[in-house]
Amino acid sequence: MDSLAAVDWTAYEQEALKAIEGALSESELDDARVKYLGRKSELAQALRAVRDRESGMLLNGIRARLEAAVLAREHDLLRVAYEAAADSGVDVTIPGHPVRRGRLHLLTQIRREIEDIFLGMGYEVWDGAEVATTWENFDALTSDPGHPSRSQFDTFYLDDDTVLRTHTSPDQIRAMQQRTPPVYLVSPGRCYRRDTPDATHSPIFLQVECLAVDRGITLADLQGTVLQFFRALFGQEREVRMRTSFFPFTEPSVEFDVTCFICGGRGCGTCKHSGWIEMGGAGWVDPDVFRNVDLDPAEWQGFAFGFGIERIAMLRHGLPDLRAFWENDLRVLGQF
Amino acid sequence: MKVPVSWLREYVDFDLPVEELARQLVFTSCEVDRIVRRGVPGGDNLRHFVVGKVLEAAKHPNADKLQLTKVDVGDGEPRSIVCGAWNFGAGATVAVVTPGGVMPGGEFTIEKRKLRGETSEGMILSERELELGEDHAGIMVLADDLVAGTPLADVLPLGDDVLEIETLYNRPDLTSVYGIAREVAALTGGELKPMPGVEPARDGDEPFPVTIEDLEGCPRFIARVFRDVTLGESPAWLKARLSGAGMRPISNVVDITNYVMLALGSPLHAYDAETLAGGQIIVRRARAGEELVTLDGTRRELDTRDLVIADAERAIGLAGVMGGENTEVSGSTTSVILETANFEPLTVLKSGERHRMRSESQTRWEKGVDPEAAGYAARYASQLLAELAGARWTGETEVRGEIPAPPTIAFRPAYTNEAIGLDVPESEQRDRLDRLGFGVDEQWNVSVPSWRARDVRRDIDVVEEVARFRLEDVPATLPNRQAMHGRLTHTQRLRRQVEDVLVGAGLHEAYTYSLQPDDPDPNALELPVPLSSQQRLLRTTLSVGLIGAARHNVDMGNHDVELFEVAHVYLPVEGSKVPNERWRLGGILQGNFFRAKGIVEAVFEALHVEPTFERAQVLEGSPVGARVESGWVAQHGPVGLDGEWSAFELDLEELFALVPERILYRDVITFPPLRQDLAFVVDEGVPAGQLLAAAREAAGEELREARFLSDYRGDQIAAGKKSVAFAVAFQSPERTLSDEDATRLRRAVVEALATRFGAELRA
Ligand SMILES: [Zn+2]
């Protein structure tokens, strides 16, 4: 109790607080801290000597309050220092230290977006080979021998039995051979046709195939899936429609259109003032295709649809010439 | 196919506006590219186009090449009209447009004006001005029994809407106006008129020998003989329809064959009978070395697979594709052999491909023509030859092989609903099929009409015939799934990761062609018929395409060119044309070997794979290169790019095989590491990588980290030697290592390097 009695602790605290709050620099603050809280301070000495609980509580209370005051003053001083710096004219519009960064090709970005939508709908992503047998590319898809797509003028042949795939549809055949249904997959990849390159044609292009095989699949399921996919890609306001078409491997076959995502369907240059944009081909899987891969069409039904990736990129980003995708000019690649 | 609407209306009644008809056809039947107005703009404008009687005609007083006429246009006030033509005189009946009339094309309006001092109140019209034909040598002279003032539209097909239709591959029946009329009838419920064509009287029984040597290529051939044919121009209505359908009028006989082809879909051909050697026709395959000059004036060397029409001596036509010049109908023709036939589609297709030809006839045969249409076409063409060319039908020969009967299909109307997810009532299905020409009995046995026999063979094909009229009503549902799993495979996730690492490292992704002009592998698969020499080989490496992409960027003046590509290469497989397709990662960037190596190391590190580099000549002419697990990295030799360029290529399947399946936690917190720097003097030829590998092997698990610091030659180091410095960290997951442990580990490293590489530890 001696040590307690020797000091007027209320006065000590007052004095210390005054010194701490009055410190105008970090060193002044440090001096005050050493004097009132340091190892040799009266407070520290008294704390070392304290033997009873009541005195301990009193002295520890003082210490805690003084420490809090030191911390608060430290922040004040720092804030003042920063404010001073802010006045001193640092030009924050000068660029930061450069960090190199590249970009994914636009077609990869869109391919991933498409894949991700289908992954979300419970589809797998299928990697298909680009060289196909004529059986995979044509025969198994029930394309008849006179179909123009088989001609040497449309298709790259390696020999009579081998072609560069003209569409991603041979992956339907491969997948149904390798998987046990149900099958839900998308297959993106390079396809090849003998088109002379111009603004809208390339002998090498990217297509995405979607295939669903399950029990009880109908054309209405195709309509719903196409609708859900294009809403995910182009916005929830989109509508789709089906028109009659012909593909050897679907029956009935349809083309599907999406309401224009530029004008919302009112009509503009992009949709040729029709309000609709042609997106691709689709249909109910022909029962003979199932037979060709030893599946029973009485048990399994399916739908398939396919569309081009470049077309989506061109429409969405206003690119007039698809040759730009293959030129890899950094001034173009860097835009997306 | 271009379909003049007036022609369509001749075969079917419908109330829909043309635009709405087109809109509905697009859903149910075929593409309609556009609707084009042809000829004189319609509506009120037509009142300006009238029949006129020329009252007076004389030379223009002030112009030698012009006539000044007075024409009665039926309103009691004869008009004076200046005209440039001289093929008529007073008394002629002509076509006149009065002031205010808008001419075809819609841009030119006739006005009253002065021509060389004389007033002209209108214009006397030629065929060409009305878009009725090509003839503009003079004005059109009309039949004299027409009354002045009669609306011209009642006399001539002045204007028409034309539907431009693209038919689908499976609908050859829609390559005829009558076929489209049938479709319109099914769509609108309008009445379909009977097929046009009434046999004219047969006048004689001339024999005309026809031999078919190849009944598979030509299962049916009808030859009809016509005498006393008067070759001349076709009437205006016929010319107008042909022009509207996009064909050029030539002469009445040729025009009739074209007109009937367009009307009924079965191509026809007319030969000048006098020019047929031996007075006969033989259908056979071409002989070796045989030649034919086709109607387009091209001399063609025939292939023995070509099916030809021949006379006793020579080929006179490429079957189904084009006739020959040697038997062409001409101004002196008086006898005609008319051909209608069936040709096998693939034979015609292959001939067309071989000779690189495209004709209206060929496109129809390729898709498959209704085998019964040959008879109807012969009938209709005969009627028109009699009516328009004064021809006498004097004989006919028909040769016919086996033509399979159209199928009958056992159908279940519920199948439609199962397939399309929409309930289509049985009565509607039956009605639609009936209108399309299918027969449906009480038990739902569906008999297919001849014009659909190629396409409709199974019950699912019948479903489509019904479904296509209801596509707008099909609801949007989703598959009712029992199980769901949508995820990328391990490989696909790693591929995305690699791409992202490279983008983060500053590279842009490129897409280059899989077909390349050159490839380092002499066995690279080659296209027998490439599109161009620039795209003839299936690449076995991405590097050629990437060099091209880099060069393009340099040429464009771009800086900091750093590109990568993730794509297939196609490795040849012996004895097969199906290559081994591999996913590869390739890169190219400006800078030396170590720039590229740094990128490769970043990829490996991201995948938790420790790479080992071994110097190797991986590219031709390359100054520095190395093999690494799954691929290579190298500085390019001269490849047409200024400065230093480096590249790398990794086989992703091989690389991903090295990726650890899971990463196990290593305790790096509980016990602290002991860090040291070690420098060794070794022969210059010793690779730093080998020193590090040996150090790891010698010290074992407790050498947690060994990092290359520097590689130094020069002062204090003997010639032929170098000093290599590493930073090492010794650490154990089980205890704090003591100074003795550190000494032990360090000694193990020093001894191993001394033994294997003669390395001496520097102070
Ligand atoms: Zn639009």
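With the alpha-carbon atoms of the range A:137-265 aligned to their principal axes, the span from lowest to highest coordinate is 47, 41, 24 Å, starting with the largest. Counting 0.36 nm for each residue step from A:A199 to A:A6 and taking away their Cα separation leaves a gain of 59.8 nm. For chain A, set up a Gaussian network in which alpha carbons nearer than 10 Å are linked by springs, and say which option among A:R311, A:R193, A:R48 fluctuates the most. Maximum fluctuation in the GNM of chain A, among the listed residues, is at A:R48. The calculated pair-distance distribution of the range B:1-97 uses every alpha carbon pair, bins of 5 angstrom beginning at 0, and gives 2, 10, 16, 14, 11, 8, 8, 9, 9, 7, 4, 1, 0 percent. The range A:29-49 and the range B:71-125 have Cα centres lying 121 Å from one another.
Annotation for the range B:102-206: chymotrypsin sites (Phe, Trp or Tyr not before Pro) lying in DSSP loop with at most 15 further Cβ atoms inside 10 Å of their Cβ are B:F108. For the peptides B:517-528, B:588-599, the ranking by packing is B:588-599, B:517-528, with the highest mean count of neighbouring Cβ atoms within 10 Å listed first. All alpha carbon pair distances within the range B:674-761 were sorted into 10 Å bins beginning at 0; the resulting P(r) in whole percents reads 18, 51, 24, 6, 0. With the convex hull of the Cα atoms taken as the outline of the range B:408-473, the averaged projected area works out to 4.0 nm². Peptide B:468-475 is shielded by partner chain Cβ atoms: per residue, an average of 5 of them sit within 10 Å of its Cβ.
Based on the Kirkwood approach, the hydrodynamic radius assigned to the protein assembly as shown is 37.3 Å, with every pair of different Cα atoms included.
Note on A:K18: lysines with a C-alpha under 23 Å away, same-chain residues under 8 apart excluded, are A:K35, A:K40.
Looking only at other chains, what is the average number of their beta-carbon atoms within 10 angstrom of each beta-carbon in B:483-492?
5
Within the protein assembly as shown, the cysteines lacking any other cysteine Cβ closer than 4.7 Å to their own Cβ are A:C191, A:C210, B:C30, B:C83, B:C218.
Distance check, please: which entries in A:K272/B:K193; A:K272/B:K350; B:K193/B:K239 exceed 27 angstrom between their Cα atoms?
Beyond 27 Å: A:K272/B:K193; A:K272/B:K350.
For the range B:633-666, chymotrypsin sites (Phe, Trp or Tyr not before Pro) are listed when DSSP marks them as loop and at most 10 other Cβ atoms sit within 10 Å of their Cβ; the list is B:Y665.
For the range B:303-369, trypsin sites (Lys or Arg not before Pro) meeting the loop criterion (DSSP other than H, G, I, E, B) and having at most 16 other Cβ atoms within 10 Å: B:R305, B:R314, B:R356, B:R358.
Computed from the Cα positions only, the extents of chain B along the three principal axes stand at 130, 77, 59 Å, in decreasing order. The alpha carbons of the range B:426-555 stretch over 73, 43, 29 Å along the principal axes, in descending order.
Peptide A:151-164 is shielded by partner chain Cβ atoms: per residue, an average of 4 of them sit within 10 Å of its Cβ.
For the range A:66-148, just run the numbers: alpha carbon Rg, then divide by 2.2 N^0.38 Å, N being how many residues it has.
So the range A:66-148 has a normalised radius of gyration of 2.68.
Centre-to-centre separation between the Cα atoms of the range A:128-174 and those of the range B:650-685: 48 Å.
Please arrange A:Y82, B:Y712 by counting, for each residue, the other beta carbons lying within 10 Å of its beta carbon, fewest first. Please list the in-between numbers first.
On the way: A:Y82 10, B:Y712 16.
Ordered by Cβ neighbours within 10 Å, fewest first: A:Y82, B:Y712.
For B:K722, go through the lysines and keep the ones whose alpha-carbon is under 19 Å away, minus same-chain ones fewer than eight residues off. Partners within reach: none. Ordering A:C260, A:C210 by the number of other Cβ atoms within 10 Å of each residue's own Cβ, fewest first, gives A:C260, A:C210. A simple packing score, the average count of other Cβ atoms within 10 Å per residue, orders the peptides B:563-571, B:424-432 as B:563-571, B:424-432, with the highest score first.
Here B:K65 is the anchor, and the lysines within straight C-alpha reach of less than 17 Å, apart from those fewer than 8 places off in the same chain, are B:K114. Beyond 24 Å, what percent of the Cα pairs of chain A remain? Across chain A, Cα pairs with separations above 24 Å total 68 percent.
The radius of gyration of the Cα set in the range B:43-157, together with its Dmax, comes out at 13.0, 38 angstrom.
Can you work out the base-10 log of I(q)/I(0) for the range B:261-377 at q = 0.09, 0.14 1/Å, using the Debye formula on its C-alpha atoms alone? One equal scatterer on each Cα of the range B:261-377 leads to -0.21, -0.53.
By the helix-only formula, in which each DSSP H run with n ≥ 4 contributes -39500 (n - 2.57) and the sum is divided by residues, chain B has a 222 nm mean residue ellipticity of -7500 deg cm²/dmol.
Values quoted throughout were computed directly from the atomic coordinates according to the rules given, and no laboratory measurement underlies them. Source: prediction; values computed, not measured. Virtual Cβ from ideal backbone geometry, glycine too; neighbours counted across all protein chains shown.
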